[in-house]
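The structure appears below as structure tokens.
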Amino acid sequence: MEIFGKSVIELRQLVKKKKISPREIYEYFQKRIEKYNPKLNAYITKADFEDKNVEGLLVGIPLSFKDNFCTKGIRTTASSKVLYDFVPPYDATVVSKIKQEGAAIIGKTNMDAWAHGSSTETSDFGPTKNPWNLERSPGGSSGGATASVSAYLSPASIGSETAGSIRQPASWSGVIGLKPTYGRVSRYGVIAMGSSLDCPGPITLTVEDAALILKIIAGHDPYDATSSRYPVPDYQTSLKKGGSFTIGITDEYFEGVDEDVKVKIEEAIKIFKRLGHKIKKIKLIPPKYAISVYTIIQRAEVSSNLARYDGIRYGNNRSYLGSEAKRRIMLGTYTLSYGYYDAYYKKAQKVRTLIKEDFSRAFKDVDVIISPTTPMTALKLGEFEKYPFFGEAMDVLNEPAAVAGLPAISIPVGLDSKKLPVGMQIMARSFNEEAILNLAYQFEKETNFFDVIKKGLNNYRD
Amino acid sequence: MMEKTYLPIIGLEIHVELKTKSKMFCQDSADYFGKPPNTLTCPVCLGMPGALPTPNKKAIEWTILIGQALKCQINRLSKFDRKHYFYPDLPKGYQISQYDQPIAIKGYFNLNGKKIRIKRVHLEEDTAKLIHDGKNTLIDFNRAGVPLVEIVTEPDFNSSDDVKKFLEELQVIIRYLDVSDADMEKGSMRLEPNISIKTKAEELPKYKVEVKNINSFRFVKQAIDFEIKRQTEILKENKIPNQETRGFDEKKGKTYPQRKKEEAHDYRYFPEPDIPPLVFFDEYLKKIEKMMPELPEDKIKKYVEELGLKYQDAYIITRNKNLSAYFEEVYAKYFEKTKKLEEKVKNVGQSLANLIINRKVETNLPVEDFISKAIEILSPKKTDIKAVDRAVEKVILANSKAVADYKSGKINALMFLIGQVMREMKGKAEAKIVGERISLVLGRR
């Protein structure tokens, strides 16, 4: 039975028809991890197969989780030595929802320590390599997760995004990454980075897989007061509805973007036109302002969220924090200090409101907005040290939607001249994941993403 | 030279633990007192990675209720904030509290005609409990996350007596609201007075001394009196007392320095991102206000004006919510029971109050029994002497042995004879009168 390259939904069909057992699938991925992980370092903790007797949408599907999701009985470190041997006594809500559908945890994926970074290089477990080119970064912070999907070390993965941490590595690793609306998916049990920004989301090979997983993990959680009671639509059905959209494009999101990337996005826009969608030029606040807002708010929240790792409970003390975490704690502490709060944090919140309003205004005229996911394709490992705000520069185009809490997806739209995947993001108004998925699905049907995902997988066909 | 005047300026911070079923931000039981250590914990109150707080609705309602009882304005938009400091009893490295938009502000309390202004009432979470055991410090997280209400007064007190009185009244109110045991010994009510001394009428003091770790009203008074004396002596030497936090030594009855102002914390408050802001609509606030029981202040007024009690007695009875409820029930039912009695008691309210206060009748009796006894005492039965004498004759004739015993000096024999007569009379006689008649008749013989 050929398993290689099958999507979650395809694997599910095989299990349903009893053509393969959950254990066989699990062992298949275990073997692949044995073989390829030493090269890629996508996983930092491997799990064991558990025979479960449940009915559900994901029976027999092994999934990987970014290592900031608490998994009961399985070590969870957020890639930091501070939590080197922390084994949570509870499951994150997303984890328990996935488990309830019968999926199995295949392992925990590498990430930037505490999700601080955009290259997976701040991990205390060493960087993850980009499956497309081992000298390059897969992006981050969910780089282990996107690499695990790109090299088919799991059929799909659950990552998390604060500002770009799903979309940017999905783009660099040539897979699909969906960041839902803030509050759409529970944060309970996800080791907090920027609490007002954090969003769990799926990383997949197909748009339909993303829709399926989102359907499972979305919804109100009594354990997360910021999770929304907005009803969860059946994304899987709605993405096939078709229809035409008004797509917004804005020059501000093409400034400083590599020519290679621009070309691919322009090609994608032509395809959307061909599919009958209307393209409309709009104006938005330049994304660079989102960087300032994001930096202040996220650092402040980080300095607070990391206060609990005080050395009393979790084995290793604060001297085990890496330099990036220390820098963020210092900046956050400074901006929250007496006399500075108004000048930094409060002001940032005001600008944040402006950015939200700016998007609301834009979404009166358009259904979605598209732009490159990142200004450039995967950089070489080590490049990040040259930039003091590396993450912010790489995630510049992701930050506005993150700051505004909007949903967005990154999908592959081709390869650049270096044979590296290019990602395009589709953003929509809050809780309009349906439009994003619908449009991404149309694009997938039309182009099969120019076989980018397939080419990526084929490098790891055994 | 004119003698300087020294006027104490005292403000209070009072913490009250709410007796909600569950903790402030998780499902664990909040009833931690006497429970084995670390048995009421979960990822949330242990501050585990990834855990999130979800606010307890009841605790918010009760805080609003306390605010309303103290005649505060309720902020229509309130929020929680993170207050950061490092201490082993604080598992998250911050306490979820309220900073600039507390639930209630600007209230007041009428203390014997003096207005004590309430600055704010806010809601936060309690910390874990540190138990020092020789060289080691143990942490019990059962208390971590129990809802804690902080009530802050303006510096409107000038004497320790007023403070003590206010605190006693506040304790009674909290207990009337049924939102906390407000038990000082268990730590469900904690007090922190801040004290300074004003030397000239027009000037506010330039310093403030806060006293912590006080666990009885008596000690609060002692601590304040000690501070007034200590600070006055310093001022008399033309020095200014240090701005500091002091502890209280119960055994010595003295305060001692704990922390200087220079060591004051920068708590780096910012809005708790894990909890959306709280928005209270008028309808909701009115619904809560309807839960408000009649408070002692109003009860006293009612007892004095409508039931004819003396202020002091009304005060005593209203100190305890159950006792005043008992009193009110007795009062209402007493009238029903005594409708048919000919002889009416003049001031029923005061008379019943006297029975309760002087413990003439126990208040742990069922109300019906209390009333029977009260009637016996307050409305003596009319005794038909002739009928009694007839019954006495009959009983004496029928009980020659008891009569003989009585004559030989056995007191029990008289009790037996009284009983027999009462039976004949079917209880319609005063035992005392029956006794007198028997003695009289037998004495004659």
- Message: For the structure I just gave you, tell me whether A:ARG136 is basic (Lys, Arg), away from chain B (no Cβ under 14 Å) and either surrounded by 21 or more Cβ atoms within 10 Å (Cβ to Cβ) or closer than 19 Å to A:ILE191 by Cβ (or both).
- Response: yes
- Message: Could you check segment A:414-458 and list, in sequence order, the residues that are of a type in the set (A, V, I, L, M, F, W, C) and in a helix (DSSP H, G or I)?
- Response: A:ALA435, A:ILE436, A:LEU437, A:LEU439, A:ALA440, A:PHE443, A:PHE449, A:PHE450, A:VAL452, A:ILE453, A:LEU457
- Message: Conditions first: (1) out of contact with any Leu (no Cβ under 7 Å at 6 or more places or on another chain); (2) at positive phi. A:ASN110 passes all but one, so which condition is the exception?
- Response: (2)
- Hits in segment B:20-50 (condition: under 28 Å from B:TYR176 (Cβ atoms) and touching a strand residue (DSSP E or B) at 6+ places or on another chain (Cβ under 9 Å)): B:THR20, B:LYS21, B:SER22, B:LYS23, B:MET24, B:PHE25, B:ASP28, B:SER29, B:ALA30, B:TYR32, B:LYS35, B:LEU40
- Assess whether A:PHE69 counts as being more than 10 Å from every other protein chain (Cβ to nearest Cβ), modelled with pLDDT of 95 or more and closer than 18 Å to A:VAL190 by Cβ. no
- Message: Just the residues that are closer than 19 Å to B:ILE131 by Cα and of a type in the set (Ser, Thr, Tyr), please, taken from segment B:29-47.
- Response: B:TYR32, B:THR39, B:THR41
- Query: Out of the residues in segment B:163-211 that are part of a strand (DSSP E or B) and basic (Lys, Arg), which is farthest from B:MET291 (Cα to Cα)?
  - Reply: B:LYS198
- Message: Can you list residue pairs whose Cβ atoms sit under 6 Å apart, with the first residue in segment A:316-335 being within 14 Å of chain B (Cβ to nearest Cβ) and the second being among the hydroxyl-bearing types (Ser, Thr, Tyr)? Count only pairs 6 or more apart in sequence or on different chains.
- Response: A:ASN316/A:TYR84; A:ILE329/A:SER303; A:GLY332/A:SER303; A:THR333/A:SER303; A:THR335/A:TYR344; A:THR335/A:TYR345
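Okay, residues lined up against (1) in contact (Cβ under 8 Å) with a residue 24 or more places away in the chain; (2) touching a Ser or Thr at 6+ places or on another chain (Cβ under 9 Å); (3) closer than 24 Å to A:ASP367 by Cβ:
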residue	(1), (2), (3)
A:LEU205	yes, yes, no
A:GLU208	yes, yes, yes
A:ALA211	yes, yes, yes
A:LYS241	yes, no, yes
A:ASP251	yes, no, yes
A:VAL263	no, no, no
A:ALA268	yes, yes, yes
- Query: Which one of these does A:SER371 not meet: (1) under 19 Å from the mean Cα position of the chain (by Cα); (2) in a helix (DSSP H, G or I)?
  - Reply: (2)
- Check on A:TYR36, hydroxyl-bearing (Ser, Thr, Tyr), touching a residue at least 60 places away in the same chain (Cβ under 8 Å) and over 29 Å from A:SER195 (Cβ atoms): yes
- Query: Which of (1) closer than 30 Å to A:LYS278 by Cα; (2) modelled with pLDDT under 95 is the odd one out, the single condition A:GLY339 does not satisfy?
  - Reply: (1)
- Message: Condition first: surrounded by 16 or more Cβ atoms within 10 Å (Cβ to Cβ), aliphatic (A, V, I, L, M) and either modelled with pLDDT under 95 or touching a Ser or Thr at 6+ places or on another chain (Cβ under 6 Å) (or both). Now tell me which residues in segment B:3-22 satisfy that.
- Response: B:ILE9, B:LEU12, B:VAL16, B:LEU18
- Output for segment A:336-378, where each listed residue is free of Cβ contacts under 8 Å to residues at least 40 places away in the same chain and in contact with a helix residue (DSSP H, G or I) (Cβ under 6 Å, 6 or more places away or on another chain): A:LEU336
- Restrict the check to segment B:78-101 and report whether at least one residue is closer than 20 Å to B:LYS129 by Cβ, more than 14 Å from chain A (Cβ to nearest Cβ) and touching a Phe, Trp or Tyr at 6+ places or on another chain (Cβ under 6 Å). no
- Query: Only one residue in A:ASP451, A:ASP358, A:ASP342 is among the acidic types (Asp, Glu), more than 19 Å from the chain's Cα centre (by Cα) and on the phi > 0 side of the Ramachandran plot, so which one is that?
  - Reply: A:ASP451
- Query: Can you tell which of B:PRO53, B:PRO37, B:PRO49 is touching a residue at least 60 places away in the same chain (Cβ under 8 Å) and crowded, with 22+ Cβ neighbours inside 10 Å?
  - Reply: B:PRO53
- Determine if segment B:170-183 includes at least one residue that is surrounded by fewer than 20 Cβ atoms within 10 Å (Cβ to Cβ), under 20 Å from B:PHE248 (Cα atoms) and out of contact with any Ser or Thr (no Cβ under 6 Å at 6 or more places or on another chain). yes
- Task: Report yes if some residue within segment B:215-233 is more than 30 Å from A:SER337 (Cβ to Cβ), part of a strand (DSSP E or B), away from every other protein chain (no Cβ under 14 Å) and not hydroxyl-bearing (Ser, Thr, Tyr); otherwise report no.
- Result: no
- Out of the residues in segment A:72-113 that are within 14 Å of chain B (Cβ to nearest Cβ) and assigned to a strand (DSSP E or B), which is nearest to A:PRO169 (Cα to Cα)? A:LYS108
- Item | Residues located in segment A:115-146, provided they are farther than 18 Å from A:VAL302 by Cβ, part of a loop (DSSP other than H, G, I, E, B) and within 11 Å of the chain's Cα centre (by Cα) | A:GLY139
- Query: What residue, of A:TYR235, A:TYR314, is buried (at least 20 other Cβ atoms within 10 Å of the Cβ) and in contact with an Asp or Glu (Cβ under 9 Å, 6 or more places away or on another chain)?
  - Reply: A:TYR235
- Note on the structure: Note: among A:VAL257, A:VAL293, A:VAL263, just one is farther than 30 Å from A:PHE86 by Cβ, among the aliphatic types (A, V, I, L, M) and surrounded by fewer than 16 Cβ atoms within 10 Å (Cβ to Cβ), namely A:VAL263
- Residue ID - farthest from the other protein chains (Cβ to nearest Cβ), chosen from residues in segment B:264-286 that are part of a helix (DSSP H, G or I) and surrounded by 12 or more Cβ atoms within 10 Å (Cβ to Cβ): B:LEU285
- Task: Of the numbered conditions (1) surrounded by 22 or more Cβ atoms within 10 Å (Cβ to Cβ); (2) in contact (Cβ under 8 Å) with a residue 60 or more places away in the chain, A:LEU381 fails exactly one; give the number of that condition.
- Result: (1)
- Query: Applying the selection to segment B:23-34, what residues are within 13 Å of another protein chain (Cβ to nearest Cβ) and either of a type in the set (Gly, Ala, Ser) or surrounded by fewer than 16 Cβ atoms within 10 Å (Cβ to Cβ) (or both)?
  - Reply: B:GLN27
- Message: Would you confirm whether or not segment B:61-76 contains a residue that is in contact with a helix residue (DSSP H, G or I) (Cβ under 9 Å, 6 or more places away or on another chain) and within 11 Å of another protein chain (Cβ to nearest Cβ)?
- Response: no
- Message: Residues to consider are A:GLY311, A:GLY248, A:GLY243; find the one that is out of contact with any Phe, Trp or Tyr (no Cβ under 6 Å at 6 or more places or on another chain) and at pLDDT 95 or above.
- Response: A:GLY248
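The values are calculated or read from the model by the stated rules, or taken from the named source; none is laboratory data. Please read all numbers here as calculations on a predicted model, not as lab measurements. We place every Cβ from the backbone using ideal geometry, glycine too, and count neighbours over all the protein chains shown.
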